[in-house]
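Just below is one structure, and these are the notes that go with it.
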Amino acid sequence: MYLSPSIQLSFMTAISPFWSVPLTPPPPGSSLKAYGHYEMLAPTFFVLLTVLPLLASLLFFEFVRDYNVHRHTARRVLAVSALLRRKSPHFKSIPGLQWVRDFCYGELLFIAFLVIGNVVLFVYGWINQRRVLPRPGDPYDFNTVLELSGVVFGYSSVFNMAFLFLPCTRHCAWMEFFNISYANGVKYHRWLGIWAIIGAILHAIPFYWLWYRQGVLAKQTLPCFDCQLDYWHIGYPKWFNVFGEISLFFVLVILFTSHPWVRRHLFETFYYMHHMYIPAVIFAVLHFNVIVWWVLPTLVLYLSSRAISRWNSLFSVQVLEFIRLPEGLVKIVLARSEGGFDIGQFVYLNVPAISKLQ
């Protein structure tokens with residue numbers, strides 16, 4: 001939506017007067033005040049059309065969960081949810097689509113949303129950037145294609161990053177609505193992570209190629225420490241690129257340490273290196289500040305979930321029975337804590353003497 005022509009023209013035109021942003025560019029050499037609060041246009045869009053709808057849908061799903069209290073309100077939502085939980089029996093007989101039978105309608109809808117979203121984003125991103133590239137006086141050549149590709153793949157990376165934290169958020173209302181449990185949602189987290197990292201790599205490669213062709217590779221990729229950092233001086237684009245390179249370095253560290261072998265044999269390495277997402281997001285925002293509005297809703301939801309989980313794990317539980325059984329099995333009976341439980345739920349058991357992390 002953000003990159004679609006209608007949003008760029010109609011929404012931005014409607015909201016610009018509120019932030020004193022002129023509808024036509026000021027003449028060259030104008031002061032910064034002449035541009036108004038241009039930096040507030042993108043945050044306004046994301047707050048009104050992403051953050052608020054996301055929070056509203058969360059409150060709605062949580063509201064209708066109590067079926068007995070809100071029976072009439074929840075009936076239609078539960079009917080839709082029940083449909084999304086079904087698996088189609090027709091894919092079994094279609095050659096080449098047998099793998100689809102393992103997914104319910106909700107999972108297929110979620111996958112289709114991500115795939116179609118990436119395609120639409122690429123198209124809209126290309127159309128949006130063609131409005132400004134090539135720059136006036138420059139020809140449309142291979143260098144233009146490289147620059148366009150780099151920018152659009154960057155948008156694709158951020159799009160996948162925006163949904164990256166949803167599947168790994170426990171008790172996420174949206175994922176449960178699609179019948180994607182926390183245990184099954186981890187695979188979607190991995191998929192989104194891979195797509196986001198591939199998008200970041202494809203975002204960087206065209207620019208490196210472009211700068212190499214122009215003979216300015218070192219100038220564009222290396223930092224400067226004696227230059228001014230404001231928008232009008234050389235320090236801004238230099239550090240703009242350097243912050244992106246630092247963010248890419250951190251996500252590559254996460255990629256390599258997320259290999260199944262590392263996760264199974266060196267779990268603590270995998271666990272600690274996964275925290276590199278914190279500096280990765282920070283430097284990504286320093287690279288392109290609009291990213292914060294793409295990832296903020298799901299990131300806040302994930303961090304809230306982790307804070308609650310961490311708080312619960314600080315309290316020890318009473319072991320009522322601990323028996324070693326044949327075949328290498330161990331029976332552990334714990335005192336039941338207060339709160340509601342549903343059939344099929346599971347708990348995480350942490351034994352600090354074995355590992356403080358697993």
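Values quoted throughout were computed directly from the atomic coordinates according to the rules given, and no laboratory measurement underlies them. Here the structure is a predicted model, which means the values were calculated and not measured. Because the Cβ atoms are built from the backbone with ideal geometry, glycine has one as well, and the counts that use them run over all protein chains shown.
Taking only the Cα atoms of segment 95-317, how large is their convex hull per residue, in Å³?
Cα-based convex hull of segment 95-317, divided per residue, equals 188 Å³.
In nm, what is the difference between 0.36 nm times the number of residues separating L202 and I278 and their Cα-Cα distance?
Value of the extension gain: 25.2 nm.
Along segment 155-164, what does the Karplus equation 6.51 cos²θ - 1.76 cosθ + 1.60 (θ = phi - 60°) give for ³J(HN,Hα), rounded to whole Hz, x for Gly and Pro?
4, 4, 4, 5, 4, 5, 5, 5, 9, 4
Can you tell me how much longer the chain between V100 and S355 gets when fully stretched, taken as 0.36 nm per residue apart minus their C-alpha distance, in nm with one decimal?
Numbers: separation 255, 0.36 × 255 = 91.80 nm, distance 3.79 nm.
Gain in length upon complete extension: 88.0 nm.
Apply the Karplus parameterisation 6.51 cos²θ - 1.76 cosθ + 1.60, with θ equal to phi minus 60°, to every residue of segment 258-272 and state each ³J(HN,Hα) to the nearest whole Hz, in sequence, with x for glycine and proline.
After applying 6.51 cos²θ - 1.76 cosθ + 1.60, I find 9, 4, x, 5, 5, 5, 8, 9, 10, 4, 5, 4, 4, 5, 5 Hz.
Mind giving me the nanometre distance, one decimal, between the label points for V145 and S30, set 7 Å out from Cα along Cα→Cβ?
3.7 nm
Could you order peptides 190-197, 41-48, 215-222 by the average number of other Cβ atoms within 10 Å of their residues, highest first? Don't skip to the answer; put the middle values down first.
Working: 190-197: 18.4, 41-48: 16.4, 215-222: 12.8.
So the order, starting with the most tightly packed, is 190-197, 41-48, 215-222.
Distance in nm between label sites at L320 and F288, each 7 Å beyond Cα in the beta-carbon direction?
In this crude label model, L320 to F288 measures out at 5.5 nm.
If I take R0 = 22 Å and measure r between the Cβ atoms of H37 and D230 in this structure, what FRET efficiency does the formula 1/(1 + (r/R0)^6) give, to the nearest 0.05?
E between H37 and D230, to the nearest 0.05, is 0.80.
Restricting to Cα pairs below 8 Å that are 6+ residues apart, what does the relative contact order work out to for segment 95-317? Please round to a whole percent.
Relative contact order here is 19 percent.
Would you mind estimating how fast segment 176-259 diffuses translationally, via Stokes-Einstein at 37 °C and 0.692 mPa s with the Kirkwood radius over Cα pairs, in µm²/s?
On the way: Rh = 15.3 Å.
Stokes-Einstein gives a translational diffusion coefficient of 215 µm²/s.
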